[in-house]
Amino acid sequence: CPRPACPCCAPPPADPAHRELLHTLLDLPAPYRRTLVLYDGVGLDLPETAAETEASTPAAANRLIHAREAVAARLPDLADPGELHRRLRELASAEILRAARPTVVRTGCERRNVFWTRAAIAFTVTIVGATTLTLRTAPTRYEAPVAPAQAVQGVPPPAGLGPLSRADRTLRTKLHRSEASGPERVFPQAR
């Protein structure tokens with residue numbers, strides 16, 4: 001185990017009663033174990049225990065009650081909270097426990113809080129940016145959709161040159177035979 005203060009790697013206590021209490025504590029769920037050790041072992045009051053375990057005071061009280069019941073079920077002689085407190089103190093004083101320094105624990109918690117704070121700020125900035133972009137690019141008035149293109153009905157096709165009719169050919173011949181310069185110039189005559 002990489003952690004030197006890990007209870008699973010440390011040698012068990014020499015006293016069988018202490019060993020049994022330690023195994024009972026290790027069988028408890030972690031939140032119950034923390035609450036029980038902080039309240040009955042260390043001697044913190046309930047609000048401080050709740051703050052250390054990051055729970056509400058009623059939640060810490062419920063954890064403490066359930067932890068005491070679980071310990072009393074396995075070790076009936078520890079049903080009295082005073083006796084449990086005394087035995088936890090003896091276990092702590094008999095064993096050399098190396099706990100993490102408070103600054104290390106606090107630094108880890110502060111890093112986690114800084115990370116989540118920055119993540120919340122980044123998420124908020126993203127939402128504000130998307131909203132601003134939407135407001136800038138959205139139309140300010142209703143624009144009717146353009147209908148799809150359709151063929152126009154009822155318009156005759158454009159006329160193209162075709163064969164000339166008999167009347168058109170006669171007219172063309174007449175125009176070709178006439179003078180190209182046009183009639184003589186007309187002068188005004190006096191009356």
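Annotations for the structure displayed:
- Some residue of region 34-43 being over 25 Å from Glu110 (Cβ atoms) and either loosely packed, with under 15 Cβ neighbours inside 10 Å or in contact with a Pro (Cβ under 8 Å, 6 or more places away or on another chain) (or both): yes
- In the condition set (1) open to solvent by 30 Å² or more (accessible area, probe 1.4 Å); (2) modelled with pLDDT under 90; (3) of a type outside the set (Phe, Trp, Tyr), Ser56 is compliant with all but (2).
- Residue that is out of contact with any strand residue (DSSP E or B) (no Cβ under 7 Å at 6 or more places or on another chain), in contact (Cβ under 8 Å) with a residue 60 or more places away in the chain and more than 30 Å from Glu110 (Cα to Cα), where the choices are Arg87, Arg68, Arg74: Arg87
- For region 128-169, filtering for residues that are exposed (fewer than 10 other Cβ atoms within 10 Å of the Cβ), at pLDDT 90 or above and of a type in the set (A, V, I, L, M) leaves 1.
- Annotation: of all residues in region 20-46 being free of Cβ contacts under 8 Å to residues at least 24 places away in the same chain and in a loop (DSSP other than H, G, I, E, B), the one that is nearest to Ala73 (Cα to Cα) is Pro29.
- Against the criterion of being assigned to a helix (DSSP H, G or I) and among the polar types (S, T, N, Q), Thr49 qualifies.
The values are calculated or read from the model by the stated rules, or taken from the named source; none is laboratory data. This structure is a prediction, so every number in the text was calculated from the model and none was measured. For neighbour counting, all protein chains shown are included, and Cβ atoms are generated from backbone atoms with ideal geometry for every residue, glycine included. Accessible surface areas use protein heavy atoms only, side chains included; no ligands, DNA or RNA. Shrake-Rupley method; radii C 1.70, N 1.55, O 1.52, S 1.80 Å.
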